[in-house]
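**Q** Before anything else, here's the structure in question.
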Amino acid sequence: MIIEDPEFGEIVVRKNPLVQGARFSVSTSGRLQMTVPKYAGNFLIKRFLNASRKDIREKLPVKDPASQRARDAKKKILMKKAKEYLPYRLEYYAKLYGYSYDKVRLSHANTRWGSCSSNRTISLNIGLMQVPEQLRDYVILHELAHLNHMDHSESFWLEVGRHDKRYKEHRKKLKQFTPGV
Ligand SMILES: [Zn+2]
């Protein structure tokens, strides 16, 4: 459940039969998260929140409602751009170099640009729409190479290098960016 608070913006409320009072944390998007006992209704939730305002203000890096909204809007635009681009770019390179994958997923994790799982699903981060094209292509070629090598062994890098001759430089440059929106 999500409640709207004038000070903290959207707050994600989760119920957990194991907690006694309320617990507060911050999501990767800067939203306040609250875990409350299962029996807690709206009245009690507000009371927990009001009793902890000062603590939250001092200890938790909650983003204000305006920057939460700005971030959501940015994410939506990136997702739209990514949907119209990444699956096709992936398919293009897969066809060109003879790879076959099962599915493509778009992600917005804060930690990785892409991944390839053993069931041949490739995940690509929507944040790739914000990096230069050659770095974006490097990530795609990197994940495709994982279809043949599920590790970062020498033969894996040889394969990446066959399709992206400047992969070392691209890999290094990519470190100047972070995938989070
Ligand atoms: Zn990898």
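Rule-based calculations on the coordinates, nothing more; no lab input. As the structure is a prediction and not an experimental result, all values here were calculated from the model. Please note: Cβ atoms are built from the backbone with ideal geometry, for glycine as well, and neighbour counts cover all protein chains shown.
**Q** Just the Cα atoms of region 2-63: what Rg and Dmax do they give in Å?
**A** 10.7, 29
**Q** In percent, what relative contact order does region 75-174 have, based on Cα pairs under 8 Å that are 6 or more apart in sequence?
**A** Here the relative contact order equals 24 percent.
**Q** Are there trypsin sites (Lys or Arg not before Pro) in region 27-86 that DSSP puts in a loop and that have at most 10 other Cβ atoms within 10 Å, and which ones? Don't skip to the answer; put the middle values down first.
**A** Numbers: sites: Arg31, Lys38, Lys46, Arg47, Arg53, Lys54, Arg57, Lys59, Lys63, Arg69, Arg71, Lys74, Lys75, Lys76, Lys80, Lys81, Lys83; in loops: Arg31, Lys38, Lys63.
Filter output for region 27-86: Lys38.
**Q** Please identify the trypsin sites (Lys or Arg not before Pro) of region 124-181 that satisfy two criteria: DSSP loop assignment and at most 14 other Cβ atoms within 10 Å. Which are they?
**A** Qualifying residues, ordered by number: Lys165, Arg166, Lys175.
**Q** I would also like to ask the following. Give, to the nearest whole percent, the P(r) tail of the chain beyond 25 angstrom, counting all Cα pairs.
**A** Details: 7898 of 16290 pairs.
Taking all Cα-Cα pairs of the chain, the fraction more than 25 Å apart is 48 percent.
**Q** Once label points are set 7 Å from the Cα along Cα→Cβ at both Lys175 and Arg57, what is their separation, rounded to one decimal in nm?
**A** Calculated label separation equals 4.1 nm.
**Q** Now a separate question. Given contacts defined as C-alpha pairs under 8 Å and at least six residues apart, what's the relative contact order of the chain, whole-number percent?
**A** 16
**Q** So which lysines pass the test for Lys15, namely a Cα distance under 26 Å, with those fewer than 8 places away in the same chain ruled out?
**A** Lys38, Lys46, Lys54, Lys59, Lys63
**Q** Just rank Met1, Met79, Met34, Met129, fewest to most, by other beta-carbon atoms within 10 angstrom. The partial results should precede the final answer.
**A** Details: Met1 11, Met79 15, Met34 23, Met129 20.
Lowest to highest Cβ neighbour count: Met1, Met79, Met129, Met34.
**Q** I've got another one for you. Based only on the alpha carbon positions, what is the Kirkwood hydrodynamic radius of region 75-174, in angstrom?
**A** For region 75-174, inverting the mean 1/r across all distinct Cα pairs yields 13.5 Å.
**Q** Further question: Sticking with the crude label model, points 7 Å out along Cα→Cβ, report the distance from Phe156 to Asn16 in nm, one decimal please.
**A** In this crude label model, Phe156 to Asn16 measures out at 3.3 nm.
**Q** Cα atoms only: what Rg and Dmax, in Å, come out for region 99-155?
**A** Cα radius of gyration and Dmax of region 99-155 are 11.1, 30 Å respectively.
**Q** Moving on. Work out the FRET efficiency for Ser25 and Arg166 from their Cβ-Cβ distance, taking R0 = 35 Å, and round it to the nearest 0.05.
**A** Step by step, r from the Cβ atoms, then E = 0.25.
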